[in-house]
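Asker: Here it is: the structure, laid out below.
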Amino acid sequence: MEQIRALYLLTGFLMIWGVAIVVLLTGWQKSTQMVSTVPKFRIGSKRYKDIRIVQHVLQEQINNGTDGTIKADLELLTHSELLRKITNLGPGGTWRPPNCTAHAQHRVAIVIPCRGREEHLRILLQHLHPFLQRQQLDYRIYVVEQAYQGIFSKGQLLNTAFLTAVSQEDYSCVILHDVDMIPLNDNNHYDCPEQPRRQWERIDYKGYGKYRKPYKAHAGGVLAISIEHFKRINGYPNAYFGWGSEDNDFSRRITGHGLELTTQSPDIAKYRMIEHKRDALNRINPRRVRLLKTAKERFETDGLNSLHTKVLTQEDRGLYTWLLVEVEKEKY
């Protein structure tokens, strides 16, 4: 009887161990499959040789049971509070992945044009720095502001910041970023695309989770473009003052030079817009329709090669590099 009882106990013990091994193997196989689905990112025409760090970041999201979704926290912190919260930045809002050689070869310049939007800027920076660092990007944030109380010229500000950035560092691409757009998913990668890429496909204007989508040719909001391509299309048009059609003109430049305006999955390319009133000095442009009709005629004459702005101040503000720019007066 004792021998039979011992045999039963041994059989039960082996069955329990067998079930445990099957469960462990199944879990390992699933996690391996999930890691294998991590996309292999491209920079320019070259595939990253080493994507282990990015895979590690994405695997952490999987392990935490998340899909990369970010909650938009609109808490308004002071500049000093943000500096105490984000303590790992280099001069002028720079950051580089520690002990990483693969990504350090690809530098990203983030350019944010604004005027009178200090509160929105602080909310965006509170999200943007951790967001970029989770993606292990080597980056610098430029905030470019228009001097004096004139009509806003987004194109001249973007072009000036671009030329300033490429004169200081060997960047691979630039991301043109509106100050009121907060990314809502970590899988929305701010790396350098082979073709110009609109980063957003859905936007929540009120915070109610009701998303709107852009029209197909929209090239505003947040857009990533390589340094080579931005130079090829002669940058952004300078001719537009005020609101309206400048992003459409830019889109035509992209496609008119044989490039493709690419997009991302709507599931990850989601943004929250910070509500705001329109700048009184950024009135609707009465010349926008006429300018858009002549967009193709101005591709080679209106842009980087016709820029006559002056950088009045460049200042390290800890969270970003601030450029104060005097723009050329309206002439079209």
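Read the figures in this text as sums done on the coordinates, not as results from a lab. Predicted model only: the values in this text are computed from it and were never measured. Neighbour counts are summed over all protein chains in view; Cβ atoms, including those assigned to glycine, are modelled from backbone coordinates with ideal geometry.
Asker: May I ask for the Kirkwood hydrodynamic radius of the stretch 88-229, worked out over all distinct Cα pairs and given in angstroms to one decimal?
Answerer: Answer for the stretch 88-229: a Kirkwood hydrodynamic radius of 15.9 Å.
Asker: Considering only the stretch 180-332, what is the antiparallel percent among its DSSP beta bridges, to the nearest 5?
Answerer: That works out to approximately 70 percent antiparallel.
Asker: How big is the Rg/Rh ratio for the stretch 192-329, C-alpha atoms only, Rh by Kirkwood, two decimals?
Answerer: 0.97
Asker: Just order 146-153, 205-212, 266-273 by mean Cβ neighbour count inside 10 Å, highest at the front, would you?
Answerer: For the peptides 146-153, 205-212, 266-273, the packing ranking is 266-273, 146-153, 205-212.
Asker: To the nearest 20 debye, what is the magnitude of the charge dipole of the stretch 155-281 about its Cα centre, counting +1 on the Cβ of each Lys and Arg and -1 on the Cβ of each Asp and Glu?
Answerer: Taking the Cα centre of the stretch 155-281 as origin, the dipole is about 540 debye.
Asker: Quick check on packing: order 118-124, 313-319, 156-162 by the mean number of other C-beta atoms within 10 Å, highest mean leading.
Answerer: The densest-packed peptide leads the list: 156-162, 118-124, 313-319.
Asker: A further question follows. With the Cα gyration tensor of the stretch 186-265 giving a ≥ b ≥ c as the square roots of its eigenvalues, does the rule (a/c under 1.5 for rounded; else a/b larger than b/c for prolate; else oblate) give rounded, prolate or oblate?
Answerer: oblate
Asker: Among Thr309, Ile227, Leu292, which residue has its Cα positioned farthest towards the positive end of the charge dipole of the stretch 215-332, with +1 placed on the Cβ of Lys and Arg, -1 on the Cβ of Asp and Glu, and the dipole taken about the Cα centre?
Answerer: My answer, from the dipole projection, is Leu292.
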